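Please read the structure below before turning to the comments.
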Amino acid sequence: MRSEISKRIDQKLDSYLETLHQVNQTNLQAVKLRMLDLEDFQKTGQYFWNQLKIFDVSHINFGNTKGEFIAAGLEDGYKRISEKLSNKDYQIFSVDENGRRRSTVIIKPGGHPNEASW
């Protein structure tokens, strides 16, 4: 019984890690082909949000050396886009079915995603 449970856990973990690798490789290729511009957080957030429809992951994000951050993922049970630009507060946005920002849901002055408990 333990052997069977261990085998299933290994399979689930392998599958999950493979999915994360696929997301990273897909995004790397999109950047190399100039289909994804990591300087354009508006489009990058929408791109990541649409990837959530394809891949079984809870978050897809990117951070740069300037401390900026863009993510799409589940926030309080809702799919949201989170963004931290160097000259703005950390913001979380609601989105429409295509990942376009609708409104700001939360503004965290002085907040940064690196301070999250995850």
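Remarks
- Selection count, segment 61-91, where residues are surrounded by 14 or more Cβ atoms within 10 Å (Cβ to Cβ), assigned to a loop (DSSP other than H, G, I, E, B) and either hydroxyl-bearing (Ser, Thr, Tyr) or within 14 Å of the chain's Cα centre (by Cα) (or both): 1
- Residue 56 falls short on exactly one of the conditions (1) within 13 Å of the chain's Cα centre (by Cα); (2) part of a helix (DSSP H, G or I); (3) among the charged types (D, E, K, R), and that condition is (2).
- Matching residues, segment 14-50, being within 20 Å of residue 91 (Cβ to Cβ) and part of a helix (DSSP H, G or I): 41, 42, 43, 44, 45, 46, 47, 48, 49, 50
- Pairs with Cβ under 9 Å, 6+ apart, first in segment 91-107 and more than 16 Å from residue 52 (Cβ to Cβ) and without any contact (Cβ under 8 Å) to a residue 40 or more places away in the chain, second surrounded by fewer than 16 Cβ atoms within 10 Å (Cβ to Cβ) and aromatic (Phe, Trp, Tyr): 105/78
None of the figures in this text is laboratory data; all of them are computed from the coordinates on show. Nothing here was measured: the structure is a model prediction, and the numbers come from that model. All Cβ positions, even for glycine, are placed from backbone atoms using ideal geometry, and neighbour counts span all protein chains on display.
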